[in-house]
1. Would you check if there is a residue in the stretch 229-238 being within 15 Å of the ligand (Cβ to nearest atom) and of a type in the set (S, T, N, Q)?
2. If you scan the stretch 85-108, which residues turn out to be buried (at least 24 other Cβ atoms within 10 Å of the Cβ) and farther than 29 Å from K227 by Cα?
3. Could you tell me whether the stretch 207-228 includes any residue that is outside any loop (DSSP other than H, G, I, E, B), more than 12 Å from the ligand (Cβ to nearest atom), of a type in the set (A, V, I, L, M) and open to solvent by 50 Å² or more (accessible area, probe 1.4 Å)?
4. Answer yes or no: is there a residue in the stretch 13-26 that is of a type in the set (G, A, S) and part of a helix (DSSP H, G or I).
5. Go through (1) crowded, with 20+ Cβ neighbours inside 10 Å; (2) not in a helix (DSSP H, G or I); (3) not hydrophobic (A, V, I, L, M, F, W, C) one by one and return the number of the condition E65 breaks.
6. If I filter the stretch 191-203 down to residues being surrounded by 24 or more Cβ atoms within 10 Å (Cβ to Cβ) and in a loop (DSSP other than H, G, I, E, B), which single residue comes out as nearest to the ligand (Cβ to nearest atom)?
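The values are calculated or read from the model by the stated rules, or taken from the named source; none is laboratory data. Here the structure is a predicted model, which is why all the values come from computation and not from measurement. So basically every Cβ, Gly included, is an ideal-geometry build from the backbone, and we count neighbours across all protein chains shown. All accessible areas refer to the heavy atoms of the entire protein, side chains included, with ligands and DNA or RNA removed. Shrake-Rupley method; radii C 1.70, N 1.55, O 1.52, S 1.80 Å.
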Amino acid sequence: MEESKKPFCIVIHGGAGTILKSLMTEQKEKEYKSGLKAALDAGYQILEKGGSSLDAVEAAVSALEDFPLFNAGKGAVFTNKGTHEMDASIMDGSNLEAGAVSGISHVKNPVQFARVIKEKSGHVFLSGQDAENYAQTMGLKLEDDSYFYEAGRYKQWQDVKDSDSYQLDHSDKQETGEKKFGTVGAVALDMNGNISAATSTGGMTNKKYGRVGDTPMIGAGTYANNKTCAVSCTGHGEYFIRAVVAYDVSCLMEYKGLNLNDACEEVVNKKLVELGGEGGLVALDAKGNICMSFNSEGMYRGFKHSENGEQIEIYR
Ligand code: ASP
């Protein structure tokens, strides 16, 4: 008897928030979609050849980091000091191994560094200048400050830098009502039934005091467990940390027997909403079910599935 083919797929996001069609130009929309498509293809190509979900999420998130319109890697938002402090994490659902980093300024692809931390450092979570020194020792590609500059992000910072407020990744003046989180992330399932998750961000514009969001926190912004699900989040990090979002989705599946969709909806559209936390997530399970939940106006998102085709969406 012919062995039935195992499904494989990748799901990505490029941030959630008040992303309104009325505030988007046709040209910008095209650019965003091309960035998402390139990332989906980068991950899918690996899965198609029998590669691991871990390699696929790393490749997809690296592509999104290299794309300047998203708030991660090149194009990361500015801190209150006019610098970039990036956070990233990665997790392997087959063995619960994870790597994470926060507050680094010059590593070109923070997600690749998170993977090195997972596999080589003997630790899970590194931060700051010492972490950056370690990245250099490990041969990761470093870039000057100018590499991360993106004119739109600089303007966002100029608009708020003299205030006390830190901002979500606004791409325009606050009066327009546009509020965006441009963090990027990916979850993938490979042919061997293993799932992984990765997330990367510049955090929030004008952030101070070494602020760290949910993105590099295993269990908050990122989580993967073959038994339950792989999750990558985007949104107002303070709330995602308090709601332990990614692990909460996994727990609802593991301990309460909820399916993927119900677990995501419970956390994103109930718990987070009650707390006042805006944002969303992408998730999948080892059977190839996928979920892209958000409680904001929009979320840059897409998937490519060996059995269910490909889709890229922005608005609700
Ligand atoms: N969650 C990220 C943070 O709080 C922001 C984002 O999703 O854009 O740092």
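1. Let us first name the residues in the stretch 229-238 that are within 15 Å of the ligand (Cβ to nearest atom), namely 231-238.
Then keep just the ones that are of a type in the set (S, T, N, Q); that gives 232, 234.
Yes, the stretch 229-238 contains at least one residue that is within 15 Å of the ligand (Cβ to nearest atom) and of a type in the set (S, T, N, Q).
2. Across the stretch 85-108, the qualifying residues are M86, I104, V107.
3. Filtering the stretch 207-228 for residues outside any loop (DSSP other than H, G, I, E, B) gives 218, 222-224.
If we keep only those that are more than 12 Å from the ligand (Cβ to nearest atom) as well, we get 218, 223-224.
Filter once more, so that each one left must be of a type in the set (A, V, I, L, M): 218, 224.
Narrowing further to those that are open to solvent by 50 Å² or more (accessible area, probe 1.4 Å): 218.
Checked against the condition, which is being outside any loop (DSSP other than H, G, I, E, B), more than 12 Å from the ligand (Cβ to nearest atom), of a type in the set (A, V, I, L, M) and open to solvent by 50 Å² or more (accessible area, probe 1.4 Å), the stretch 207-228 yields at least one hit.
4. Within the stretch 13-26, the first condition is being of a type in the set (G, A, S), and the residues that meet it are 14-17, 22.
Of the ones still in play, those that are also part of a helix (DSSP H, G or I) are 22.
Looking for residues that are of a type in the set (G, A, S) and part of a helix (DSSP H, G or I), one finds at least one in the stretch 13-26, hence yes.
5. Of the numbered conditions (1) crowded, with 20+ Cβ neighbours inside 10 Å; (2) not in a helix (DSSP H, G or I); (3) not hydrophobic (A, V, I, L, M, F, W, C), the odd one out for E65 is (2).
6. Filtering the stretch 191-203 for residues that are surrounded by 24 or more Cβ atoms within 10 Å (Cβ to Cβ) and in a loop (DSSP other than H, G, I, E, B), the one nearest to the ligand (Cβ to nearest atom) comes out as G203.
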